[in-house]
Amino acid sequence: MEIRDELKYSEDHEWILVEEGIATIGISDFAQDAMGDVVFVELPEVGSNIDAGKTFGVVESVKAVSDLYAPVSGEVVEVNEGLPDAPDSVNSSPYDDAWMVKIKLSDAAQVEALMDAEAYRSCIAEQ
Amino acid sequence: MNRIGTRGLILKEKLIFEHSDPGRKGYSLPALDVPPSTLPEELSRLEIEGFPEVSEVDVVRHFTRLSTWNYGVDTGFYPLGSCTMKYNPKVNEVVARLPGLAGCHPHTPERLSQGALGMMYDLQVALAELSGFDAVTLQPAAGAHGELAGMLMIRAWHEAQGSSRKKVLIPDTAHGTNPATAALCGYDVVPIASGDSGVLTAETVAAHMNEDVAALMITNPNTLGIYEADIRKICEIVHEGGGLVYCDGANFNAVMGIARPGDAGVDVMHFNLHKTFATPHGGGGPGSGPVGINKKLIPYLPKPVVVREGEKYRLDYDRLESIGRLRSFYGNFGIMLRAWAYILTMGGEGLKQVSEMAVLNANYIRARLEETYHLPYKNRSLHEAVFSDKNLGGGCHTLDLAKRLIDYGYHPPTVYFPLVVQGAIMIEPTETESMEVLDEFCDAMLAIAEEAENNPELLLEAPSVTALSRLDETAAARKPVLRYRAEA
């Protein structure tokens, strides 16, 4: 189970990387492992706004369909266009190839409320 | 142990296109003795490319062989949790095929279809009596369609009060269609965590209730098979806050004749005739999802409404506040007939026994398996039991257990649902199974748990006695082949 130290994590198992006010979001290695083989990904449109705690997309695996919950709020500035055609990369490369959206943060303080790698490790240890 | 599944004479079968032989045909027609009618050239074609050319016996054998690969509730035990795969008595089919009913045209004038309208009226009354509601519509063509009808009536009621509430509360133990219905009716869904007990408490509802909440959608018994015992208090809290309560009645099978949701304060509930009242499931066939409502929602019922005036029945279209028509004509009449036949053959006491036996059977399975299989929610459950794969050895998971059950001759249970249980195994035996069947199934489940410990490849490679072994479901979903092409 890979948990990267440089990322922040949400209780819904999304990871987030903030660089110069732009947050890149994906799902964690734990999440992809729990879901099983991912077969479909649906992402929001560039220019749309996503709200913390609300759904912004869908990931479907052979087991179940799961909503993606936004860890922070902001405007979508870029989506991983290639991901819907390569859903398997969510399993093989959750932190790199399978990044999902980049958003312009509307409230940087929301990032501080997320878990760091250590807190996330103990969060999933309980599950 | 005695396994039902054996390697029998399972015939391979090609695609119908692969049976094709140029020039072969399954008909012979007499010579044309009238002038041929002529179609405009652009509308006619002399040949259909790639159409299978086969004889009658080729077609009959093809589809008969394919049918032997099928598995249904008439073949064997079908413990598909949440779906209530009970046996459908054949007398219901006889009733639905009576010529006067089967041949009744929906345009038949009211004065000539009094029997059909009377049956619909009586079914409405019986469903209202069983559930404690003031009125019932039979129009919706399935459970989710009933949810839509119910939530549209709730929205119409709020609009009539001049309120524009935007939110619907839904616990995580509700059926998966509930959030979709709320969203389709224009509401924002607020998910509520049910907590460790698997039961929604009045306190939790109170904490989420505010003046922006239009309704709570609750499934009772919930999708863990647990009765929402706080339902009365929950309804009071929602009503005091100005909202309404929708109950998903898909699990009504567990409480029929024992508890009436209308009496507990629920405002709207749909029935699934195919789950509770033994009408056939799917097979592409029609469903039926009648909706029971509290009297304050009567003005909004879908129209037409079957009404009784003295000794006569008629269809009432004159309803200005109705949410409108939801289905062509009056709903799936043939399914209503089967449900009505079922209600009459069982009788009131019989329907109560149905629920008692459904609960007893599920708890028998729970008791026999709970020492071996992990049971995440210990609360007393009703008509189904939800296990997880936590105790399964040998690196085996829920999916492997499900596939191995096929080798033992059973349709697998519902797996990976509800989502609140990791690796869920959801078993619902229904009331129609004997103790012998339940014991054989439990023996199989226990034998598989042992295999997982000692011989896990039996699970990991299952099924082994089927015409096709483990399929690559991931590849099928990622790269689906949806169309036959001869050159492929």
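Placing +1 on the Cβ of every Lys and Arg and -1 on the Cβ of every Asp and Glu, with no other charges, gives the stretch B:91-345 a dipole of roughly 820 debye about its Cα centre. Could you tell me the center-to-center distance, by alpha carbons, between the stretch B:223-265 and the stretch A:36-76 in angstrom? What the calculation gives is 32 Å, centre to centre.
Taking a Cβ cut-off of under 9 Å around A:Asp37, the surrounding Lys, Arg, Asp and Glu residues balance to a net charge of 0, with basic ones at +1 and acidic ones at -1.
Projecting the Cα atoms of B:Ala447, B:Val60, B:Leu9 onto the charge dipole of chain B (Cβ charges, centred on the Cα centre) puts B:Val60 farthest toward the positive pole. The accessible-area loss of the stretch A:35-79 on complex formation, taken against its chain alone with a 1.4 Å probe, reaches 30 Å² or more at A:Asp37, A:Val39, A:Val62, A:Lys63.
The contact residues of the stretch B:460-488, meaning those that lose at least 50 Å² of 1.4 Å-probe accessible area when all protein chains sit together rather than their chain alone, are B:Thr474, B:Arg478. Could you tell me whether the protein assembly as shown comes out rounded, prolate or oblate from its Cα gyration tensor? Rule is a ≥ b ≥ c as square roots of the eigenvalues, rounded for a/c under 1.5, then prolate if a/b exceeds b/c, otherwise oblate. Rounded is the answer for the protein assembly as shown, as its axis ratio a/c remains below 1.5. What is the Cα centroid distance between the stretch B:417-488 and the stretch B:383-414, reported in whole angstrom? Between the Cα centres of the stretch B:417-488 and the stretch B:383-414 lies a distance of 7 Å.
For the stretch B:213-322, GluC sites (Glu not before Pro) meeting the loop criterion (DSSP other than H, G, I, E, B) and having at most 10 other Cβ atoms within 10 Å: B:Glu311. Using a probe radius of 1.4 angstrom, the carbon and sulfur fraction of the accessible surface of chain A is 43%. Farthest toward the dipole's positive end in chain B, which of B:Gly81, B:Ala486, B:Leu459, given Cβ charges of +1 (Lys, Arg) and -1 (Asp, Glu) about the Cα centre? Positive-most Cα among the choices belongs to B:Ala486. Rolling a 1.4 Å probe across the protein heavy atoms gives the stretch B:91-345 an accessible surface of 39 Å² per residue. For the stretch B:5-131, the dipole from Cβ point charges (+1 on Lys and Arg, -1 on Asp and Glu) about the Cα centre works out to 660 debye, to the nearest 20.
By the rule of a C-alpha distance below 17 Å, with chain neighbours fewer than 8 residues away ignored, the lysines paired with B:Lys86 are B:Lys275, B:Lys352. Total buried accessible area between A and B, probe 1.4 Å, nearest 100: 700 Å².
Only protein atoms count toward the accessible area here, which uses a 1.4 Å probe; on the stretch B:91-345, the carbon and sulfur part of that area reaches 55 percent.
The values are calculated or read from the model by the stated rules, or taken from the named source; none is laboratory data. Predicted, not measured: the structure shown is a model, and the values here were computed from it. Glycine also receives a Cβ, built like all others from the backbone with ideal geometry; neighbour counts cover every protein chain displayed. Quick note on the areas: whole protein, heavy atoms, side chains included, nothing else; ligands and nucleic acids left out. Shrake-Rupley method; radii C 1.70, N 1.55, O 1.52, S 1.80 Å.
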